[in-house]
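Have a look at the structure below, then the notes.
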Amino acid sequence: MKTILLKFSGPLQSYGTSSHFETRYTDYYPSKSAVIGLLAACLGYRRDEAEKLSELSILKFAVRIDQDGRLLRDYHIARSYKDTGAELRTYVTNRYYLEDALFVVAISGKDELVDTLIKAIKSPYFQPFMGRRSLPVPVDFFLGESAEDILDSLRNLPWQAAPWYKKKKGKQGIGEKISLEVYADEEIVEEEKITRSKLRRDIPISFSQKGRQFAFRQEACISIEVLSEIEKDLGVGNAEHDIFSTLEEA
């Protein structure tokens, strides 16, 4: 089974699994439903194509926390009006985001499906985004594929945090290691030292606007050690998210 590695980074991200009405919360890292929804968009699946969605729901999933994000609240006052133009009501909305966060998501499945996903990620049918349509994925979103399992793939990928964040954490030297948290499907990490585990309702059954449906899965958290930095001649680059540098190169 192959593993795909994806980098979720940018000024803002948002992953709500318990949002209602005027208050839109965000989780502190990407949910499985958000990632599957993104992959479905890349493949061109429609919201009501539940059968196709079930093929993606069986993918193994894990997310590594490379750079903690800060919680941002976007506060709005909105008004609705009658057909006559008279004001009907005023209400408050709160939308939450993560600022300056960076996550590495690993997904694994049968080789044929993984190959199809890689092609779709590189040439998406619909625009992929990080929780909200206004938050597109970064230009270096696709980190690569691996023949290793999810945990080994995450262990062998160097720390992707921005230089300023590494400096803040005091981990900049070549060969240094840092311990990072990984949240994964519990069956993936059964033989590891699990620090905590919880039930999450984020396996999508249907994204239909007539009635979204989600199933439960058991998620566990472990810690792994990864290299803070590696020698330049081994291929490490600047992990800082800088879209303007990419445009200059083009």
Inset, instruction - Just give me the residues in segment 33-51 being open to solvent by 20 Å² or more (accessible area, probe 1.4 Å) and either aromatic (Phe, Trp, Tyr) or not in a helix (DSSP H, G or I) (or both), in sequence order. - result: Tyr45, Arg46, Arg47, Asp48, Glu49
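Take the residues in segment 82-111 that are β-branched (Val, Ile, Thr) and at pLDDT below 95, then tell me which one is least open to solvent (accessible area, probe 1.4 Å). Spell out how you get there, then give the answer.
At the first step, the residues of segment 82-111 found to be β-branched (Val, Ile, Thr) are 84, 90, 92-93, 104-105, 107.
When the remaining residues are screened for being at pLDDT below 95, the result is 84, 90, 92-93.
Values: Thr84: 120, Thr90: 70, Val92: 66, Thr93: 17 Å².
Here the residue is Thr93.
Which is hydroxyl-bearing (Ser, Thr, Tyr) and in contact with a Pro (Cβ under 9 Å, 6 or more places away or on another chain), of Tyr15, Tyr81? Break it down into steps so the answer makes sense when it comes.
Values: Tyr81 fails: in contact with a Pro (Cβ under 9 Å, 6 or more places away or on another chain).
So the residue among Tyr15, Tyr81 that is hydroxyl-bearing (Ser, Thr, Tyr) and in contact with a Pro (Cβ under 9 Å, 6 or more places away or on another chain) is Tyr15.
Which one of Glu191, Glu181, Glu186 is of a type in the set (Asp, Glu) and within 21 Å of Leu143 (Cα to Cα)? It would help to see each step written out before you state the result.
Values: Glu191 fails: within 21 Å of Leu143 (Cα to Cα); Glu186 fails: within 21 Å of Leu143 (Cα to Cα).
Criteria check complete, one pass: Glu181.
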Inset, instruction - Look at segment 118-133 and say how many of its residues are touching a residue at least 24 places away in the same chain (Cβ under 8 Å) and touching a strand residue (DSSP E or B) at 6+ places or on another chain (Cβ under 9 Å). - result: 8
Inset, instruction - Working only within segment 137-183, note down all residues that are without any contact (Cβ under 8 Å) to a residue 12 or more places away in the chain and either among the aromatic types (Phe, Trp, Tyr) or over 18 Å from Lys60 (Cβ atoms) (or both). - result: Lys167, Lys168, Lys169, Gly170
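Take segment 85-99 and flag every residue that is in a loop (DSSP other than H, G, I, E, B) and of a type outside the set (A, V, I, L, M, F, W, C).
To start, the set of residues in segment 85-99 that are in a loop (DSSP other than H, G, I, E, B) comprises 85-86.
Selection gives Gly85 alone.
When you scan segment 57-81, how many residues do you find that are touching a residue at least 60 places away in the same chain (Cβ under 8 Å) and either among the polar types (S, T, N, Q) or open to solvent by less than 30 Å² (accessible area, probe 1.4 Å) (or both)? Spell out how you get there, then give the answer.
Of the residues in segment 57-81, the ones touching a residue at least 60 places away in the same chain (Cβ under 8 Å) are 57, 60-67, 72.
The next check asks that each one be either among the polar types (S, T, N, Q) or open to solvent by less than 30 Å² (accessible area, probe 1.4 Å) (or both); those that pass are 57, 61-67.
Number satisfying all stated conditions: 8.
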Legend entry - Residue that is nearest to Ile150 (Cα to Cα), among those in segment 185-207 that are in contact with a Cys (Cβ under 9 Å, 6 or more places away or on another chain) and open to solvent by less than 70 Å² (accessible area, probe 1.4 Å): Val189
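Any residue at all in segment 146-166 that is open to solvent by 50 Å² or more (accessible area, probe 1.4 Å) and farther than 26 Å from Met1 by Cα? Write out each step before concluding.
Going through segment 146-166, the residues open to solvent by 50 Å² or more (accessible area, probe 1.4 Å) turn out to be 147-149, 152, 155-156, 163-164.
Keeping just the survivors that are farther than 26 Å from Met1 by Cα gives 163-164.
Yes, segment 146-166 has at least one match.
If a residue counts only when it is touching a Phe, Trp or Tyr at 6+ places or on another chain (Cβ under 8 Å) and of a type in the set (Lys, Arg), which strands (runs of 3 or more DSSP E) contained entirely in segment 100-219 have at least 2 such residues?
196-206
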Inset, instruction - Say whether the condition of being within 30 Å of Lys52 (Cβ to Cβ), at pLDDT 90 or above, open to solvent by less than 50 Å² (accessible area, probe 1.4 Å) and out of contact with any helix residue (DSSP H, G or I) (no Cβ under 6 Å at 6 or more places or on another chain) is met by at least one residue in segment 216-228. - result: yes
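The values are calculated or read from the model by the stated rules, or taken from the named source; none is laboratory data. Keep in mind that this is a model prediction, so the values were computed, not measured. Note that we place each Cβ from the backbone using ideal geometry, even for glycine, and neighbour counts take in every protein chain shown. Please note that ligands, DNA and RNA were not included when accessible areas were found on the heavy atoms of the full protein model with its side chains. Shrake-Rupley method; radii C 1.70, N 1.55, O 1.52, S 1.80 Å.
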